[in-house]
Amino acid sequence: MNIVLRLAWRNIWRQPRRTWLTTGAMVFSNILLVFMISLQFGMYGLMINNTLQVFSGHMQVQAPGYVDDAKMRQVVDDVQPLAAHLREALGSDTVAARARAFALASSEDRTYGIAIYGVEPRHEPRVSNLPGLVEHGRYLQDDDAYEIVIGSVLARNLQVATGDELTLLGSGVDGSFAAAVVVVAGIFESGVKDIDRNIAQMPLTAFQDMFYMNGAGHQVVILAPSLADAPELQARVEALVGADDGLVVQDWDALQPGLRQAIQADMSSAFFMYGILVVLVAFSVLNTQLMSVLERTHEFGVVMALGMKPGLLGRIVLLESALMGLLGFVLGVIAGTALTAWLSVRGFTMPGMDEMAAQFNLPARIYPPVTLLSVAIGPFVVFVFTLLASVYPAWRLRRLHPVEAMRVN
Amino acid sequence: MTAVRCIDICKTYTQGDVDIKALDHLSIEIEKGEFVCLMSPSGGGKTTLLNAIGGLDIPDSGEVWVGGQRIDQMSKGELAELRLANIGFVFQAYNLIPVLTARENVEFVMQVQGVRPAERHVKSMVLLEEVGLEGLEDRLPAEMSGGQQQRVAVARAIVSRPELVLADEPTANLDSHTAADLMELFVQLNEHHQTTFVIATHDQGVMRYAKRLVRMRDGRIVDDVQQNAA
Ligand SMILES: Nc1ncnc2c1ncn2[C@@H]1O[C@H](COP(=O)(O)OP(=O)(O)OP(=O)(O)O)[C@@H](O)[C@H]1O
Ligand SMILES: [Mg+2]
């Protein structure tokens, strides 16, 4: 074995208790990091997917600019044939056409402003969870029926039940006055307040009729099998629609800008905490190594007198930290992965999670997935900081004077 | 050929308000293959002189030459290389590396030099046997007596056949019999390999082996005689 490695290895076992305490701090924080980061990444994935599945889909075909400033006249012409074409070309039925308008919805004595969507009753359930969340009555059936499904909060606000009539007032795509009387077919409850308060759906053909859309709509919604499949699917859709149609494909980030921000905000606060944890571990390593270097002043003097260069001594100290760090890394990753893997089968829940779960459509019990990244990233950072923490003790050895060092006992 | 040359070297230590002249305008020249004993009352400057010759300590003034190279202006790294390649040290206190066994301590210098394991192993075993430590190869320093540790230190100093061996009280912890054996070993190395020895000692027994006896007091050489070795 290399002499530097041998010295480093024997040195760390000179004070087994101290080494285990330092390594223990690393193992503990590594377990925590593996578990927390896996849980977090798992939650984000669910958060994104579940939010997208509620309504917006993984991507939408729209007129350019519509995503930023949804104007009624920024239409997708012949939206239903386009959706049908995409369904066929992609070999997928998770594609549906929609149109969207603002309208005033009035019951007998109340009026509220709502976003009303024209949807394809047969295809909408494939791209959105909303149709499945109808609690009272039923979802839309016929393409041209003048009926509507509304959210539970809106139903309460308007004081209507299924079978009641609503009057819709709005303006058509050409700016003309649009009005219709529709029957409440169903009431859904998504659990997301904004959706339950503001959104209503009616059959697309009836919508086009009411708002003088002339066959046009505003979006073709596409749901990918999973978040990971979305980018590839988007490329295929882009190839099919093409810029020459005057249409663009917006990804989920463009459709739901708040989602990424929420994740980033959550991530930065979490990583700030992880940062503190890592710094604490680094200081414990720094303390250990400073102490152990100080204790060995005499023998460092001896090996320097024998002809070992100060740089080589520094390397021994760095190697000692690296060995401890490696031990902490391996043990931490094994234990952390075991814990996370166990929870990924058994599920994990904690107090206060319900609230966040409800807000982002998450289940109250999370099954954190174990991925290479989520398992390795935390312990890797701890390892790097362990090395950094021993740079100073190693560097101090450069100033060591052999004779003076040998006088220390 | 001159192995060591010190020209007018001074080294002053300040202890509180008092200046202690550990080396006081000292000059000495030692030829290759000499066997020199340094003698002085305690505090006479022997250790300081050995440290200056070994490049462990730089004198305040004067020049130190070892093997034709001026060393008092070398960098730490260059000095380390010089010691590793050319100088064997036996220190006043045993100074073994506590985490290494007797054999590993002896092999240490060779290992830093990059000598192959098989060669290292043979050399260290032969030498440990010569200093009478057969069977104790795998003991850690803490598991050996002071005399045994000192013998390991001696073995470590001479195993890689340095041109110059600097020994500070090498027999301080040895019984007279072992001390004599050790001196025989030094003499043998000196005669067969032209290894230069500079040994600081109080021990009358050691002085008998010296071919040149240098007496010091207060950092100066007061007597320097050639004598017929025992
Ligand atoms: N680091 C130091 N700081 C202060 N004084 C020192 C230092 N090293 C040596 N001295 C002083 O320098 C003088 C010479 O010391 P040195 O160790 O060279 O003597 P020595 O001949 O080796 O003595 P001994 O036989 O006791 O080993 C002594 O007076 C000693 O007290
Ligand atoms: Mg001395």
Out of all the residues in the range B:160-201, which are open to solvent by 20 Å² or more (accessible area, probe 1.4 Å) and either assigned to a loop (DSSP other than H, G, I, E, B) or among the basic types (Lys, Arg) (or both)?
-> B:Ser160, B:Arg161, B:Glu163, B:Ala172, B:Asn173, B:Leu174, B:Asp175, B:Gln194
The lone exception for B:Arg116 - which of (1) under 23 Å from B:Val4 (Cα atoms); (2) more than 8 Å from every other protein chain (Cβ to nearest Cβ) it fails | (1)
Here the residues within the range B:47-71 that are away from ligand 1 (no atom under 16 Å from the Cβ), part of a loop (DSSP other than H, G, I, E, B), surrounded by 15 or more Cβ atoms within 10 Å (Cβ to Cβ) and in contact (Cβ under 8 Å) with a residue 40 or more places away in the chain are B:Gly67
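A quick yes/no check of all residues on (1) among the polar types (S, T, N, Q); (2) within 16 Å of ligand 2 (Cβ to nearest atom); (3) in contact with a strand residue (DSSP E or B) (Cβ under 9 Å, 6 or more places away or on another chain):
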position: B:Ser42; (1), (2), (3): yes, yes, no
position: B:Gly55; (1), (2), (3): no, no, yes
position: B:Val64; (1), (2), (3): no, no, yes
position: B:Phe89; (1), (2), (3): no, yes, yes
In the range B:88-110, anything at the interface with another protein chain (Cβ under 9 Å from one of its Cβ atoms) and among the aliphatic types (A, V, I, L, M) is listed as B:Ala93, B:Leu96, B:Ile97, B:Val99, B:Leu100, B:Val109
Please determine, by comparing only the residues of the range B:73-87 that are small (Gly, Ala, Ser) and facing another protein chain (nearest Cβ under 9 Å), which one is farthest from B:Ser160 (Cα to Cα).
-> B:Gly77
State the number of residues belonging to the range B:111-146 that are within 18 Å of A:Arg6 (Cβ to Cβ), among the aliphatic types (A, V, I, L, M) and either touching a strand residue (DSSP E or B) at 6+ places or on another chain (Cβ under 9 Å) or touching a residue at least 40 places away in the same chain (Cβ under 8 Å) (or both).
-> 3
Would you call B:Glu107 buried (at least 22 other Cβ atoms within 10 Å of the Cβ), part of a helix (DSSP H, G or I) and more than 16 Å from ligand 1 (Cβ to nearest atom)?
-> yes
How many residues are within 14 Å of ligand 1 (Cβ to nearest atom) and surrounded by fewer than 21 Cβ atoms within 10 Å (Cβ to Cβ) if we restrict to the range B:1-34?
-> 12
Could you run through the range B:126-159 and say how many residues are open to solvent by 60 Å² or more (accessible area, probe 1.4 Å) and either in a helix (DSSP H, G or I) or within 16 Å of ligand 1 (Cβ to nearest atom) (or both)?
-> 5
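Evaluate the following for A:Leu318: is it open to solvent by 40 Å² or more (accessible area, probe 1.4 Å) and touching a helix residue (DSSP H, G or I) at 6+ places or on another chain (Cβ under 7 Å)? Spell out how you get there, then give the answer.
Details: open to solvent by 40 Å² or more (accessible area, probe 1.4 Å): yes; touching a helix residue (DSSP H, G or I) at 6+ places or on another chain (Cβ under 7 Å): yes.
Against the criterion (open to solvent by 40 Å² or more (accessible area, probe 1.4 Å) and touching a helix residue (DSSP H, G or I) at 6+ places or on another chain (Cβ under 7 Å)), A:Leu318 qualifies.
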Which condition number does B:Ser27 fail, the rest of (1) part of a strand (DSSP E or B); (2) within 16 Å of ligand 2 (Cβ to nearest atom); (3) more than 8 Å from chain A (Cβ to nearest Cβ) being met?
-> (2)
Is at least one residue of the range A:54-62 out of contact with any helix residue (DSSP H, G or I) (no Cβ under 7 Å at 6 or more places or on another chain) and either on the phi > 0 side of the Ramachandran plot or open to solvent by 30 Å² or more (accessible area, probe 1.4 Å) (or both)?
-> no
Pull up the range A:122-148, narrow it to residues that are under 30 Å from the mean Cα position of the chain (by Cα) and open to solvent by less than 20 Å² (accessible area, probe 1.4 Å), then point me to the one that is nearest to A:Met210 (Cα to Cα).
-> A:Glu124
Members of the range B:35-46 found to be within 12 Å of ligand 1 (Cβ to nearest atom) and touching a helix residue (DSSP H, G or I) at 6+ places or on another chain (Cβ under 9 Å), listed by number = B:Leu38, B:Met39, B:Ser40
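The values are calculated or read from the model by the stated rules, or taken from the named source; none is laboratory data. Note that the structure is predicted; figures quoted are calculated from it, not measured. Virtual Cβ from ideal backbone geometry, glycine too; neighbours counted across all protein chains shown. The protein model used for the area step is the full one, side chains on, heavy atoms only, and it has no ligands, DNA or RNA in it. Shrake-Rupley method; radii C 1.70, N 1.55, O 1.52, S 1.80 Å.
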